[in-house]
1. Sort 76-89, 32-45, 204-217 by packing, meaning the average of other beta carbons within 10 Å per residue, with the highest value first.
2. What does the charge dipole of the chain about its Cα centre add up to, to the nearest 20 debye, if the Cβ of each Lys and Arg holds +1 and the Cβ of each Asp and Glu holds -1?
3. Quick one: what are the phi-derived ³J(HN,Hα) couplings along segment 408-424, Karplus 6.51/-1.76/1.60 with θ = phi - 60°, whole Hz, x for glycine and proline?
4. Order these peptides, 182-189, 386-393, by their mean beta-carbon neighbour count within 10 angstrom, highest first.
5. Amide H to amide H under 5 Å from Ser229: which residues, 5+ apart in sequence or cross-chain, H placed 1.01 Å off N in plane?
6. Residues with beta-carbon under 10 Å from that of Ala91, excluding Ala91: net charge, scoring Lys, Arg +1 and Asp, Glu -1?
7. So how do Tyr249, Tyr434 line up by other beta-carbon neighbours within 10 Å, fewest first?
8. So for the chain, Kirkwood radius off the Cα pairs, Stokes-Einstein at 25 °C and 0.890 mPa s: how many µm² s⁻¹?
Amino acid sequence: MSDLPVDPFAERGLEGFAQDFRAGKVTSEAVTRQYLERIKQLDPKLGAFETVAEESAIATARAMDLLMQSGTDLGPLMGVPVAIKDVFVIANMPGPKVGSNITLPDVLGTEEATFIKALRRAGCVFLGQTKAVELCLGITGHSAPRGTPWNASDLENHRAPGGSSSGSGVAMAAGLCAFAIGSDSGGSVRVPAAFNGVFGIKTTAGLWPTDGAFPLDPRVDSIGLLTRSAKDALLAFNTISAVLFGCEYDARPTGVRLNRMCFGVPQNHFNENVNAQISAAFKQANEKLAGQGCLLEDIVVPEAPERAGYFPVSMPAALLSILGKDNFLAQKHLMDPVIAKRIESGLESKAYEFLALEDKRTASRKKVEERFTGFDAWVSPTTADFPPLLSELEDPAKGLSLALGMTQNTQPANYLGLCAVSLPLPVEGLPIGYQLMGAPNTDQRLLEIAVAVEEAFKTA
């Protein structure tokens, strides 16, 4: 690449930029232009972006610089260039395609999403919209209609980037933004994070508002962040939450000490059919945490396998309720045939069966919340295997098996109403994700724990 600028946030992260920005050592316009140049040179191969908003990004960055120079400080994310999954209504940007070529029903309206407004009030600069799997219904990241982004962990072979926040995961891993926004209904932030070697958080469903975002399944949809580190994610999470909830940003040290933590290690479901190398890396990570004084206790989560019977019913039914039967049937020829077939299965769903599944989920959520008593987090590998080659997904049977392995360990958190993160493990070769799951609405605490775990993983 000719004169490729460095990722301006790679060394010091969000906190370092915030300090330098306020000290006048760097401008938002300068770092925004660096990212736009990186996108220009790298994205023709990577294919992470659906649209790039160059003119408005530069204009916003200049405005942030002028505000800072005039003494107006919007907070730690002021002037930070971000990438946003193409599922949100964003003022002065194209309406979301949600990875599809079909004409979507007018269910979102034209008003900018509340979450996007919060990013604006925090002073973020919008670089553009990143690609998503069609209608968010796909965990591999493969997209026949709009193109599959190139997994940033292997530039020689086209591997699955993970989905449905595929573009956000690739953009973050390739240094095309300071951080990226995704959404997660069954693993759609954590799987791209694991496959691309970055950090990802799925917030508790309902914590951050999802109006103005295309709904896959409103019962489990949640907004998430893809960042270069847990430390960056904590700063971004706290800043955005402060704006959304109208409170002051709290910059005090977290005070989390691993020798006072107790993690549960599920002995069922989460360890089934896991690649031997990933199992070994997970065990070594736990040994490192134990060496820091963290207590790890074996547990059983009998409710986790229930996810396998829930999502194949709930998601097709939810999408059909949004698309409408006639609209879907009229346009399904324009869709990825695998996605269309999954949605079509919802035509056979019976209301009483779905209601029974939802009642069962409600009961299981209550049991699991009670079972979290005494635990700071539960831990597992994020995915059962490494990111496969796209060619491996072409065989229907193998493709289905690989996809099921990608969601095996992530869907339980959505099903059971938990918050969860994926941290990259520092290993050679393809990326491996380490998942921490927290009780509902303990997102900030889980991120604080993740920062401590991240530091422990860095030690020899």
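No value in this document is a laboratory result; all are computed from the given coordinates. Predicted model, so just to flag it, every value in this text is computed and none were measured. Note that we place each Cβ from the backbone using ideal geometry, even for glycine, and neighbour counts take in every protein chain shown.
1. On the way: 76-89: 26.6, 32-45: 18.9, 204-217: 20.4.
Most protected by this proxy first, the peptides run 76-89, 204-217, 32-45.
2. 340 debye
3. Rounded to whole hertz, the list is 3, 9, 9, 4, x, 5, 5, 4, 9, x, 8, 9, 7, 10, 10, 9, x.
4. Working: 182-189: 30.9, 386-393: 18.2.
Top of the packing list down: 182-189, 386-393.
5. Here the answer is Phe199, since their amide H atoms fall under 5 Å of that of Ser229.
6. Values: positive: Lys117, Arg120; negative: Glu111, Glu112.
Around Ala91, the surrounding residues sum to 0.
7. Details: Tyr249 15, Tyr434 24.
In increasing order of surrounding Cβ atoms, one gets Tyr249, Tyr434.
8. Details: Rh = 22.0 Å.
The Stokes-Einstein estimate is 112 µm²/s.
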